[in-house]
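I have placed the structure first, in the form of structure tokens, so that the comments after it can refer back to it.
The values are calculated or read from the model by the stated rules, or taken from the named source; none is laboratory data. Keep in mind the model is a prediction, meaning the values are calculated, not measured. Positions of Cβ are generated from backbone atoms using ideal geometry, with glycine treated the same way; all protein chains shown enter the neighbour counts. Areas reflect the complete protein model, heavy atoms only, side chains present, ligands, DNA and RNA absent. Shrake-Rupley method; radii C 1.70, N 1.55, O 1.52, S 1.80 Å.
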Amino acid sequence: MVLSALGMTAALPLLVQRGAGSARAQGNSLLATDLELVTVTATSAVLTWTTLTADGRAPLAADSEVRVAPADSSAPARVLFADPEPTPYHFAEITGLEPGRAYRFEALSHGVRAVPAPNVATRMPGSPECIGEFTTLTPPPGRLLRTLALCNDVHFGEEVSGLIAAGLPPGVRQEPGLPPYPEVMLAALLDDLRRPDRGADQLLLAGDLTAEATPGQTRGVRGMLDDWGVAGRDWFATRGNHDRPHVGAEYAGCPIVADTDHHDCWGESFPARGELLLHDLGGLRLLGLDTTALDAAGGTIDRSQFDRLRTVLAADPDRPTLVFGHHPVTFESAISNIGGPDFVLNRADAAELQSLYRSAPGVFLQHSGHTHRNRRTRPDIPLPVEFLEVAAVKEYPGGYTLLHLYEGGYQANFYKTRTPEARRWSTRTRAEYFGLIPEYTLGTTADRNHVVLRDLSGLT
């Protein structure tokens, strides 16, 4: 039903060939499109766009320029970003802005102004891309204490991106001769987080690190993470449904799951099945949930994990606590994702989990993956807890969320990864879901960038 609806509403041409080889701009023979104001912080903004040949059929390399001015000023906009290096896949980061101030902007390539793609996500009335204006965030009060990177859905070992069921909708493959796209995108993520302008202290991975949890996939993704940092100190990972135990000869050498014919290769390199992760980061309590079922895409939490969670929260209910797990929790998420209610955490476990949070006022955020989208949803009961879904690492929009913790709250910002290879693949995968993936996964500017006031002054 979902695939049929996507197919009937797809009014855009498939853009699978965008990732093919590109030429350089000649004269004004180009289209500058797909403009997205991805990130808005207190002092910066990130814009991305694509340049194509005039007929829109192939990438076309051109320069990048962004002009910015305060929205309340009549002065001409100044060039705050300029890169003469030609590329079809533009990534422009503007810095030095003032917190809480409105700015007007325009992005250009070869003198042609970039416009948003004909997607509702960026063409809605009042969207920054349409009106050419955005307002920087006002950060929480107090000192910056720590920066966490939230990510999910690497799918290491996957070869076709964008499949939902039975080989549909049409997926996207990496171009011949280029490295596997999950490795390209994970490498770009890890490269980003070590750069001074991102400066993540720790990385949280909320599941689906592998495509099917084979021994090779599990060892491969673990190796890349180990090259980046130390498990349990620099990075923390929970299991997703793709990382679940499997059956078959390929898995026979891995530990067997008791009373089943399933073998758990992921558990050899990462936490055991059903284990509740507990870590302390300068007074911040991290809780990692295993929300996976043995043979289903949807989520569940077993009784022993619930009992352990209840004990941990009851022992120190006011401690600032961030929870991360693969499956989204809320009813709003259940009815708004394209997989339907069975795709997220089952309703009984979701209700019990939220009830536990009501008795533990220190819990302030739950990070989930699985839906491959940027989305904030409302809890089912009155709770001062943010339920945040973060878009996938492995495909468009291809990135992660930085969570900046201040004494007086936190600021969340989604970033696309920015290596040339990652930008190329991210643009190529705009063709997924019959070309409608931006409608579903990008999210609103506020889903991606927002501030929440909260007393976190006890953290170090």
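General remarks:
- Taking S304, S368 and ordering them by how much accessible surface each has at a 1.4 Å probe, largest first, produces S304, S368.
- Helix 347-358 and the longest principal axis of the C-alpha atoms of the chain enclose an angle of approximately 90°.
- Surface composition of region 354-403: carbon and sulfur make up 51 percent of the accessible area, probe 1.4 Å.
- Rounded, prolate or oblate (a/c below 1.5 giving rounded, otherwise prolate when a/b exceeds b/c) for region 172-258 by Cα gyration tensor: oblate
- Cα-Cα separations in region 399-460 greater than 18 Å, expressed as whole percent: 52
- Shape class for region 215-258, computed from the alpha carbon gyration tensor (a ≥ b ≥ c): prolate, with a/c not under 1.5 and a/b above b/c.
- When both bridge partners sit in region 335-457, DSSP labels roughly 80% of those beta bridges antiparallel.
- Cα-based helix-to-principal-axis angle, 181-193 vs the chain, degrees rounded to 10: 90
- Separation of alpha-carbon centers, region 76-93 and region 394-460, rounded to whole Å: 21
- Working ranking of peptides 330-343, 246-259 by packing, defined as the average number of other Cβ atoms within 10 Å per residue, highest first, is 330-343, 246-259.
- Reduced Cα scattering model of the chain, Debye log10 I(q)/I(0), q = 0.07, 0.10 Å⁻¹: -0.34, -0.71
- Close amide-amide hydrogen proximity is noted between H327 and T291, G369, each under 5 Å apart and 5 or more residues distant or on a separate chain (H modeled in the peptide plane; Pro and chain starts excluded).
- Dipole magnitude for the chain: about 960 debye, using +1 per Lys or Arg Cβ and -1 per Asp or Glu Cβ, origin at the Cα centre.
- Solvent-accessible ranking of M124, M224, largest area first, probe 1.4 Å: M124, M224
- In this structure, the amide hydrogen of T39, modeled 1.01 Å from its nitrogen in the peptide plane, lies closer than 5 angstrom to those of V46, counting only residues at least 5 positions away or on a different chain.
- Taking the longest Cα principal axis of the chain as reference, the axis of helix 215-228 is set at about 70 degrees.
- Estimated from helical segments only, the mean residue ellipticity of the chain at 222 nm is -5500 deg cm²/dmol, where each DSSP H run of four or more residues counts as -39500 (n - 2.57).
- Lone cysteines, the chain (no partner Cβ under 4.7 Å): C130, C151
- Per principal axis, descending, Cα span of region 214-362 in whole Å: 46, 36, 30
- Region 289-367 and region 96-121: distance between their alpha carbon centers, rounded to Å: 38
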